[in-house]
1. Which of (1) more than 24 Å from residue 188 (Cα to Cα); (2) in contact with a strand residue (DSSP E or B) (Cβ under 7 Å, 6 or more places away or on another chain) is the odd one out, the single condition residue 343 does not satisfy?
2. How many of the residues making up segment 365-376 are under 18 Å from the mean Cα position of the chain (by Cα) and surrounded by 22 or more Cβ atoms within 10 Å (Cβ to Cβ)?
3. Going through segment 206-230 one residue at a time, which ones are surrounded by fewer than 12 Cβ atoms within 10 Å (Cβ to Cβ), in a loop (DSSP other than H, G, I, E, B) and at pLDDT 95 or above?
4. Looking at 14, 65 in this structure, which one is buried (at least 17 other Cβ atoms within 10 Å of the Cβ) and at pLDDT below 90?
């Protein structure tokens with residue numbers, strides 16, 4: 001389970017409870033537009049009330065869906081986008097001989113089906129991805145297609161050292177395949193924080209300073225390259241529940257030094273420009289409807305709210321210090337590590353990750369894990385793992401937990417799908 005008490009301390013590094021009294025919303029569309037012009041980028045009681053009114057309501061997700069099905073191309077584009085060359089995703093001959101009998105999709109490719117970003121209303125207020133709580137009940141098989149149901153489930157107002165007031169919005173997404181079977185559910189968490197002038201007003205110009213870039217030694221780069229190219233993968237060799245011990249270490253997956261091309265690979269695989277309104281005329285139409293944009297300080301034009309992931313000045317403008325990665329991208333690297341370890345016979349059941357601080361261009365992350373517990377539940381052997389990502393400075397960049405289901409000598413092979421609990425109303 002994720003906790004977010006740390007976010008008020010660390011939102012500079014990364015980026016339903018309502019006030020007792022909420023002023024009435026204006027009713028006319030013209031008044032709303034004038035209000036947005038005045039309050040754009042500011043967290044107001046009116047904006048919070050408008051967002052809270054959506055709690056429990058099914059949301060339109062056309063801007064959060066990049067793919068509809070786990071086609072051969074979609075699977076390999078996602079695998080390439082996170083740097084995961086597991087043959088279970090990429091090699092038909094290998095996958096056909098595996099326990100699945102077909103190519104599988106990496107579990108986190110569901111980010112391409114729906115981004116898990118649920119951050120409605122609050123025009124102009126930055127949204128920073130804070131983490132995901134994933135639960136999978138079945139594998140993603142070649143050519144599975146999906147429909148989703150997404151709802152805002154909560155909105156919590158917070159305050160802290162970094163921001164006088166910020167908001168944590170949480171949404172639940174349910175993924176159903178072509179057989180109307182629930183394959184996965186996800187809780188996505190987004191922090192809504194000031195940006196631009198609002199950020200400077202709260203914290204001063206120091207909030208937008210550039211982060212110092214790290215210069216690697218030749219030995220450091222050689223070590224990183226060696227670890228990336230010698231990444232262990234269990235593959236077809238069965239990892240049995242009985243053979244796993246509490247305290248076992250999960251071999252690391254190394255990602256970095258992060259480049260803009262790595263970030264573009266993620267965009268190409270999972271979202272393109274869609275989350276930010278699209279491109280060209282499509283983007284203009286979107287920004288007229290939603291007031292969701294960043295103002296380019298050079299041209300004065302409305303631009304994509306996510307340009308800080310690709311352009312250093314905007315990354316500084318939102319308090320990140322420069323170009324930074326995408327939260328779901330980093331979480332998917334944790335999935336890469338876990339699927340390497342569990343092998344073709346295992347199943348990733350749960351993955352909960354809190355994104356703690358930005359992973360900047362040039363940073364390197366070591367994802368690692370430790371077995372914390374193992375238990376038989378409902379006739380299935382489950383292994384609980386604590387995971388974290390550490391950067392080249394030795395600082396924790398993300399952390400969380402995972403549950404992996406493994407085959408057993410006594411219990412036999414894994415039987416999918418796992419039981420799906422009734423969804424809370």
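1. In the conditions (1) more than 24 Å from residue 188 (Cα to Cα); (2) in contact with a strand residue (DSSP E or B) (Cβ under 7 Å, 6 or more places away or on another chain), residue 343 misses (2) alone.
2. To start, the set of residues in segment 365-376 that are under 18 Å from the mean Cα position of the chain (by Cα) comprises 365-368.
Checking which are surrounded by 22 or more Cβ atoms within 10 Å (Cβ to Cβ) leaves us with 365, 367.
Number satisfying all stated conditions: 2.
3. 215, 217, 230
4. Details: 65 fails: at pLDDT below 90.
Unique residue meeting the criteria: 14.
The values are calculated or read from the model by the stated rules, or taken from the named source; none is laboratory data. Quantities reported herein were computed from a predicted structural model and do not represent experimental measurements. Counting neighbours? That spans all protein chains shown, and the Cβs are built from the backbone with ideal geometry, glycine included.
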